[in-house]
Amino acid sequence: MKNAIPLVVAVLFGLAAVFAVSNRLSKTERAAASGTETTAVLVARTDVRAGEVLSDKNLRTRRIPRAAFREGQHMRAEDLNLVSGQRVRAALSDGDYLFAGDLARAEGTDAGAAEPGKWIVPVHFSDSTLLRAGLLAAGDEFALVARGAIHRTVRGTDESEPARDVSEDGMYVLFPCLRVHRTAPDGAFVCLPPEEAMRLQLAQLSLELYPMLRMRNDPRNADAAALPQIRGSQLRAR
């Protein structure tokens, strides 16, 4: 019996050591996890039926490790305004991640709805007053005005003087007349030829864009074509 006592004591000390090491590792892992960069994504707040409209009532945010985030799949927390009002293809359970593929395609947004030879492009307004007031709808025409620094090349009067680039702040007509394909939470979708679509995308990187509502099919809209307009070569991404 006396020989068994040292063995029991050794076993107890061994278990205590294992527990201490395990507890220390657990604390280390928790500390490491607390320092891990995370990203906020959208998940279902409740069970969502197929075809149900999404909103902040059935969606919430959850933080996940940045390493687990999948670009183009997970919907970010800041995408809530974008997905609100859209429907889901299939049912979601409480806590399920919301992926881009879960969103049902809105009517009229498929490629077949674009005019031949044109692209459907989103334009984000710096002032969404027209949208909030419900004054901008599909089919409406508007002028797109840009505010910011426009670059141009100035040549000297003397041919020996090198040309120089100057930057001028002001408001300019980017497009005198655009037609709304459909509205978005912070702007609209429009159809443009590829070269103009690229000019619009570049402008959105460097300028503030404002819509000016116009009467539909007003022939006097053509007068705006004589106003100073921005060329692609005058744009610089910030």
| request: Restrict the check to segment 214-223 and report whether at least one residue is assigned by TED's automatic domain parsing to the domain that holds ARG132, modelled with pLDDT of 85 or more, more than 16 Å from the chain's Cα centre (by Cα) and surrounded by 12 or more Cβ atoms within 10 Å (Cβ to Cβ). | output: no
VAL121 meets each of (1) at pLDDT 85 or above; (2) in a loop (DSSP other than H, G, I, E, B) with one exception, condition (2)
Check your understanding: Going by the structure shown, is VAL173 in a strand (DSSP E or B), under 24 Å from GLU78 (Cβ atoms), modelled with pLDDT of 75 or more and among the aliphatic types (A, V, I, L, M)?
Key -> no
Within segment 102-117, restricting to residues that are surrounded by 10 or more Cβ atoms within 10 Å (Cβ to Cβ) and not in a loop (DSSP other than H, G, I, E, B), the one that is modelled with the lowest pLDDT is ALA113
Subset of segment 65-82, residues assigned to a strand (DSSP E or B) and surrounded by fewer than 15 Cβ atoms within 10 Å (Cβ to Cβ), comes to PRO65
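The values are calculated or read from the model by the stated rules, or taken from the named source; none is laboratory data. Since the model is a prediction, treat every value here as computed from it, not as a measurement. Virtual Cβ from ideal backbone geometry, glycine too; neighbours counted across all protein chains shown.
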